[in-house]
Amino acid sequence: MPNPVGRPLKYLNFLEILDDETVYCPYTIFQAGRDHGLVAHLAGKDEIDPKEERLYKIRIRHTLARFVANHHFPEEGDGLVKIKGQTPPRGWKGSRWKKAARLEERNEPHGSNTQ
């Protein structure tokens, strides 16, 4: 029988490094993972070239955006994230990201992640 929740979260280790009280959007999660060397680790390298990093950035951001939708994160977010040169996107606290990831890991239905 197919998994009703979908495939396991490939980028779970990106969510594990988040601070519970800090507000994150998919882009800032990518940045945190890059700063911790997780992107290079995904590529199986010590360092990753800019073109390859850009591809990972797109994949990770899109995956995390789907994750937000699938786990019914509140539309208004937990706050706004400041990104230099961009309009601040909405974001959610690290604790919310981690809670949803634990549900994903345990294969539990997505349900509402409003707390």
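We did not get these values from a lab; they are worked out from the coordinates using the rules stated. Keep in mind the model is a prediction, meaning the values are calculated, not measured. Virtual Cβ from ideal backbone geometry, glycine too; neighbours counted across all protein chains shown.
In the range 65-105, which GluC sites (Glu not before Pro) fall in coil by DSSP and have 15 or fewer other Cβ atoms within 10 Å?
Hits after loop and neighbour filter: Glu75, Glu76.
Count the lysine pairs in the chain whose Cα atoms sit under 22 Å apart, keeping only pairs 8 or more residues apart in sequence or on different chains.
15
How do Ile48, Ile17 line up, fewest other C-beta atoms within 10 Å first?
Exposure proxy ranking, most exposed first: Ile17, Ile48.
Output wanted: per-residue J couplings in Hz (rounded whole) for the range 20-35, from phi through Karplus 6.51 cos²θ - 1.76 cosθ + 1.60, θ = phi - 60°, x for Gly and Pro.
Using θ = phi - 60°, the values come out as 4, 9, 7, 8, 10, 10, x, 5, 5, 5, 4, 4, 4, x, 4, 5 Hz.
Taking the range 9-59, which trypsin sites (Lys or Arg not before Pro) meet the DSSP loop condition and have no more than 16 other C-beta atoms within 10 Å?
Sites meeting the loop and neighbour criteria: Lys10, Lys45.
Express the relative contact order of the chain as a whole percentage, based on alpha carbon pairs under 8 Å and six or more residues apart in sequence.
Reported relative contact order: 39 percent.
In debye, nearest 20: dipole of the chain around its Cα centre with unit charges on the Cβ of K, R (+) and D, E (-)?
Here the size comes out at about 300 debye.
Tell me the mean residue ellipticity at 222 nm calculated for the chain from its helices only (DSSP H runs of n ≥ 4, each -39500 (n - 2.57), averaged over every residue, nearest 500).
-14000 deg cm²/dmol
In the P(r) worked out for the chain, what percent of Cα pairs fall beyond 24 Å?
25
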